[in-house]
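Encoded as structure tokens, the structure appears first; notes follow it.
The values are calculated or read from the model by the stated rules, or taken from the named source; none is laboratory data. Keep in mind it's a predicted model, so treat the numbers as computed, not measured. Note that we place each Cβ from the backbone using ideal geometry, even for glycine, and neighbour counts take in every protein chain shown.
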């Protein structure tokens, strides 16, 4: 009797586990590929991207992967900061909106350029492609959103003209709302 109950419990567990996979299946004739390091996604607190580079030389593959990832990360942060800046300025109803937006975007570019040198590598995998004898380097990198906001504030605080129209708490609130929209 105990063996029978154990067998039924194991069968039920097996059925439950087999149904815990992907919610959608690939169309017939297609296979879903999961790239190394692709599980790292942006969230409410952190910007994250993954990428890869390929070359006959292992170090060049790594440099390509890092360059691709930093480019993607800069684009993601830049887009987010543009939306945040637009929404912040609109919510503050500043008289010189265009000038303020230009200054916000200029500061965002400066901060992004400075921060990209301090990215954290959260995943990296090196593969050798046997057919081509090339190396493929997969990488995922991240930047802390709070650190970007704080450094953005430092850059803005050096500009007295824009600080008249700037409220750090309101800006941070707008930034956090936009980060909540990250996937």
### Query
What's the number of the condition residue 68 fails, among (1) surrounded by fewer than 19 Cβ atoms within 10 Å (Cβ to Cβ); (2) assigned to a loop (DSSP other than H, G, I, E, B); (3) under 15 Å from the mean Cα position of the chain (by Cα)?
(2)
### Message
Suppose we keep only residues that are surrounded by 15 or more Cβ atoms within 10 Å (Cβ to Cβ) and modelled with pLDDT of 60 or more within the stretch 154-172. Which one would you say is nearest to residue 42 (Cα to Cα)?
### Response
172
### Query
From the residues in the stretch 42-58 that are surrounded by fewer than 17 Cβ atoms within 10 Å (Cβ to Cβ) and in contact with a strand residue (DSSP E or B) (Cβ under 9 Å, 6 or more places away or on another chain), which one is farthest from residue 131 (Cα to Cα)?
45
### Query
Can you tell me how many residues in the stretch 36-59 are touching a residue at least 24 places away in the same chain (Cβ under 8 Å) and either in contact with a helix residue (DSSP H, G or I) (Cβ under 6 Å, 6 or more places away or on another chain) or outside any loop (DSSP other than H, G, I, E, B) (or both)?
13
#### Entry: Yes/no for residue 86 being closer than 30 Å to residue 135 by Cα, in a helix (DSSP H, G or I) and modelled with pLDDT under 85
no
## Note on the structure
Picked from the stretch 121-145 (must be over 17 Å from residue 36 (Cβ atoms) and in contact with a strand residue (DSSP E or B) (Cβ under 9 Å, 6 or more places away or on another chain)), the residue modelled with the highest pLDDT is 132
### Matching entry among 33, 7 (being modelled with pLDDT under 85 and assigned to a loop (DSSP other than H, G, I, E, B))
33
